[in-house]
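**Q** Below: one structure in structure tokens.
Only the coordinates and a few stated rules stand behind these numbers; no lab work does. Note that the structure is predicted; figures quoted are calculated from it, not measured. Glycine gets a Cβ as well: all are built from the backbone with ideal geometry, and neighbour counts include every protein chain shown.
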Amino acid sequence: MLDIKNLHATVGGKPILKGIDLTVKAGEVHALMGPNGSGKSTLSYVLAGREGYEATEGEVLYKGKNLLEMAPEERAGEGVFLAFQYPVEIPGVPNTTFLKEALNSVRRYRGEGELDAMQFVKLVRSKTKQLHMSDDMLKRAVNVGFSGGEKKRNEALQMAVLEPCLAILDETDSGLDIDALKTVADGVNLLRRPDNALLVITHYQRLLEYIVPDHVHVLAGGRIQASGGKELALELEKSGYAAFSATAAA
Amino acid sequence: MPDTIPFADHYGTLRDALPGQDLPWLSSLRQSALARFTAMGLPTPRQESWKYTSLRPLEKLGFGATGAPRACISIDRAPSLLPAASEHHRLVFVDGHHRADLSSVGRLPEGAELTTLRALLAHEPAWVERHLGAVSGAAADDREQPLLALNTAMMMNGFVLRLAEGTVVHEPIEVVHLGGAGDQPLAYHPRNLIVLAPRSQVTLIEHHTHLGPIGEEGQPYYANSGTEVSLAEGAVLHHYKLQAEALEAFHTATVHAEVGRSALYDAFSMSTGARLSRSEIAVRLAGEGANCHLNGAYLMRGSQHCDNTTRIDHLVPNTGCSEVFKGVVDDAARAVFQGKIVVHRDAQHTNGHQLSKVLLLSDKAEIDTKPELEIYADDVVCSHGATAGDLDHGALFYLRTRGIPEAAARAMLIEAFLAESVHNIAAQGICPALMASIGHWLAGRPGEEA
């Protein structure tokens, strides 16, 4: 589903990613771990198409198509979803208006019919119920005045509504208490299907207790330094990233 | 013709058609206004308050004047900002002339009157004599008001709204001005009077728009209105305005308001139209507990120019004002916001707040902001702020990662930026129409109205 080959990227002219190779197949969950400043968030922004995050070398194929050539909205239409580490507040735009516009934009892109107001409300209600969210959060402006947990739940809700094929979770566990973490993880796990894939970016092993990965990669110094099964995450929890940071610096 | 003053020669053309010719006081008022205007000419950027707005294009175009409405224009129904089914009262003017056939003033409550200046000059000239120029004369340094002098000299008609003590009009009153009906570029000068007796209340909606292209392109026209507002103790006026003139048009509007004890002047204006527009509002808070809200929104593109100039005088203790103007400026359009708040020596415990927020959507878009606070009292709370910037890139990216195409995402953020101002309007009935005009603008059809 996702083929990253020798990806180099710069942010504001500064090289951050220095040759990433990563293959994610349908049905798999990959965890990408690493110390602060290793390039984890940069990778997620490059994959989502953020301005200023420039791929300078290598390629990213998503379902065989060149992902890097697509506008952010096309990537969403193709089924790529980034759950933000810091979801953006958008004053004046009600959450429900935003969700409906997003869903119908994606449906238009996919050549599916738009949902009318009734069908949309029905769909969203079923999703908020799964995520233990109040209807109040739908009426409020997108993420404005939301607590850390509410913001992450809102990311999970968007993911549930848009039903992506490839979801990238950027530090979804940051700022969450354990209950919120479980709820969000439950929401994410609903998306685990043989035809979907997840890339979970995290600093800590904690989230991986709830979203169990098939593969774990260690990112340091802009490169993947090690890959393994879920036991690698546990090792990291014990020994830390120091060994990998040293390797990266060398 | 550098020696002639533009518009001054219109007086000769119009004289026979102007109302109140049999009233010596009015003739002398017009004559002296004409003399002042002829001496001053049109304002130029050399004057401090006109530094950012030049009327040169207006001068160049050469407008005519006509004393009679063009007969052949037929319209089925003038556009309205209010839901068709809702109860309201309407006066319609075409090129400055009252069109009784398009107006519909229903049964107003006892003590409320909505009529035209021309009608009142015929029936109650003494009342008009008492009120015409009473508020603007007290407020304005005449030397700085050539456009008002021009209006006084050539005023043909306008609306008069007066409420007796304690009269509350529940249905909104809508005044529609349609321009561009002439077969040549026309200038006209509506003069309006709003006089509210103690504890009376009303909502007034002004809609300035046009008939749409008649030939290949619409005719340019120039609307130069003057409005005087007098609010006695405890009176409340909600005064809303949509300026959606034709894109070839010029629009200048001068409002003078005097707000008495515990009275409220609540104004909101939205501007989307005109090649060049200037709204100048001067409010005198003259009674203790008087308040005013001067809020506005504007959406400009192409080479449009939109000027909002306000002046609020706090004359006595315990008065308040709040002022929020939000604008969106694209292409090579230009906006001007000048907000002056003067707190006079006696006006202790004044509460004044002013904010200007602008989105500049292109490198060539421009905003000139000039806040001015003049404070002569020592126990006051006053603040002002101004921001100008592009759309929030983070928000734009966030929306796009959810599949919303860039253009739609931009539109969503612009709409959200302005929606707050619109939804704060007390008369919720006009919100859908104002939001629709924002929507039309965003869709690239600025002149189109419901």
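**Q** For a quick check, take a GNM of chain A with Cα springs below 10 Å and name the residue from A:A26, A:A220, A:A185 with the largest mean-square fluctuation.
**A** With Cα springs under 10 Å in chain A, the top fluctuation among A:A26, A:A220, A:A185 is at A:A26.
**Q** Please identify every one of the chymotrypsin sites (Phe, Trp or Tyr not before Pro) in region A:141-249 that sits in a loop by DSSP and has no more than 15 other beta carbons within 10 Å of its own beta carbon. Mind showing how you got there, number by number?
**A** Values: sites: A:F146, A:Y204, A:Y210, A:Y241, A:F244; in loops: A:F146, A:Y204, A:Y210, A:Y241.
Those satisfying the criteria are A:Y204.
**Q** Taking amide hydrogens as modeled 1.01 Å from N in the peptide plane, which residues meet the under 5 Å criterion relative to B:G327, leaving out close sequence neighbours?
**A** B:Y298, B:K357, B:V358, B:L359
**Q** Averaged across the residues of A:99-106, what count of C-beta atoms belonging to other chains lies within 10 Å of each residue's C-beta?
**A** Rounded to a whole number, the mean comes out at 4.
**Q** On to the next question. Using the Kirkwood radius over Cα pairs, work out the Stokes-Einstein diffusion coefficient for region B:323-414 at 25 °C and 0.890 mPa s, in µm²/s as a whole number.
**A** For these conditions, the coefficient is 160 µm²/s.
**Q** Using DSSP to define loop residues, name the trypsin sites (Lys or Arg not before Pro) in region A:2-110 whose beta-carbon has at most 13 other beta-carbon atoms within 10 Å. Numbers along the way, then the final one.
**A** Working: sites: A:K5, A:K18, A:K25, A:K40, A:R50, A:K63, A:K65, A:R75, A:K100, A:R107, A:R108, A:R110; in loops: A:K25, A:R50, A:K63, A:R110.
Passing both the DSSP loop test and the Cβ count: A:K25, A:R110.
**Q** Can I ask one more? So for region A:18-151, Kirkwood radius off the Cα pairs, Stokes-Einstein at 10 °C and 1.306 mPa s: how many µm² s⁻¹?
**A** Taking Rh from Cα pairs, D becomes 92 µm²/s.
**Q** Where the centroid of each part is defined by its Cα atoms, how far is region B:361-398 from region B:270-320 in Å?
**A** First find each Cα centre; the distance between them is then 15 Å.
**Q** To one decimal place, what orientation-averaged projected area in nm² is obtained for the convex hull of the Cα set of region B:88-181? Write out the running numbers ahead of the final one.
**A** Numbers: hull surface 29.9 nm².
Dividing the Cα hull surface by four gives the mean projection, 7.5 nm².
**Q** Report, in order of residue number, the helices in chain A meeting two criteria: a C-alpha extent of 15 Å or more along the helix axis, and a mean Kyte-Doolittle hydropathy of at least -0.5; treat each whole DSSP H run as one helix. If you can, show how the numbers build up before the last one.
**A** Details: long enough: A:95-109 (21 Å, -0.70); A:117-130 (20 Å, -0.43); A:148-162 (21 Å, -0.65); A:178-189 (16 Å, 0.40).
The answer, listed by residue number, is A:117-130, A:178-189.
**Q** Here is a further query. Report P(r) for region B:231-309: all Cα-Cα distances, bin width 10 Å, range 0 to the bin holding the largest distance, values in whole percent.
**A** Taking all Cα pairs of region B:231-309, the binned fractions are 19, 44, 24, 12, 1 percent.
**Q** Over region A:109-250, what per residue volume does the convex hull of the Cα atoms give, in whole Å³? List each step's numbers first, then the result.
**A** Working: hull volume 20.1 nm³, N = 142.
Cα-based convex hull of region A:109-250, divided per residue, equals 142 Å³.
**Q** Which value, to two decimals, describes the C-alpha radius of gyration of the protein assembly as shown once divided by 2.2 N^0.38 Å?
**A** Details: Rg = 31.2 Å, N = 700, 2.2 N^0.38 = 26.5 Å.
Working it through for the protein assembly as shown, the quotient is 1.18.
**Q** Normalise the Debye intensity by I(0) for chain B, one equal point scatterer per Cα, no solvent, then take log10 at q = 0.05, 0.07, 0.10, 0.14 Å⁻¹ and round to two decimals.
**A** -0.16, -0.33, -0.69, -1.45
**Q** Another one. May I ask for the net charge around B:G180, where only other residues with Cβ less than 9 Å from the Cβ of B:G180 are counted and Lys, Arg are +1 while Asp, Glu are -1? Spell out each step's value before the answer.
**A** Numbers: positive: none; negative: B:D95, B:E245, B:E248.
Surrounding charge for B:G180 is -3.
**Q** Once R0 is set to 30 Å, what does the formula 1/(1 + (r/R0)^6) return for the Cβ-Cβ distance between B:E113 and B:A35, expressed as a FRET efficiency to the nearest 0.05? The partial results should precede the final answer.
**A** Numbers: r = 33 Å, r/R0 = 1.10.
According to the calculation, E is roughly 0.35.
**Q** What is the spin-label model distance, in nm, from B:D9 to B:H384 if the labels are put 7 Å beyond Cα along the C-beta direction?
**A** Result: 4.1 nm between the two label points.
**Q** Here's something else I'd like to know. Using DSSP to call loops (not H, G, I, E or B), can you name the trypsin sites (Lys or Arg not before Pro) in region B:38-135 whose Cβ has at most 13 other Cβ atoms within 10 angstrom?
**A** On the way: sites: B:R46, B:K51, B:K60, B:R70, B:R77, B:R90, B:R99, B:R107, B:R118, B:R130; in loops: B:R46, B:K51, B:R70, B:R77, B:R99, B:R107.
Within region B:38-135, the qualifying trypsin sites (Lys or Arg not before Pro) (loop, at most 13 other Cβ atoms within 10 Å) are B:R46, B:R77, B:R107.
**Q** How much net charge surrounds B:I425 when only other residues with a Cβ under 12 Å from its Cβ are counted (Lys, Arg +1; Asp, Glu -1)?
**A** -1
**Q** Okay, next question. Mind ordering B:277-287, B:194-204 by average Cβ neighbours within 10 Å, highest first? Could the numbers behind the result be given before it?
**A** Details: B:277-287: 24.5, B:194-204: 22.1.
Ranking, from highest mean packing down: B:277-287, B:194-204.
**Q** Ok, one more. Report, in deg cm²/dmol and to the nearest 500, the calculated mean residue ellipticity at 222 nm for chain B, where each DSSP H run with n ≥ 4 adds -39500 (n - 2.57) and the sum is divided by the residue count. Numbers along the way, then the final one.
**A** Working: 10 runs with 96 residues, N = 450.
Mean residue ellipticity at 222 nm (helix-derived): -6000 deg cm²/dmol.
**Q** So, one more: Calculate, in whole percent, how much of the Cα-Cα pair population of region B:168-251 lies beyond 17 Å. Mind showing how you got there, number by number?
**A** Details: 1839 of 3486 pairs.
Here the tail beyond 17 Å accounts for 53 percent of pairs.
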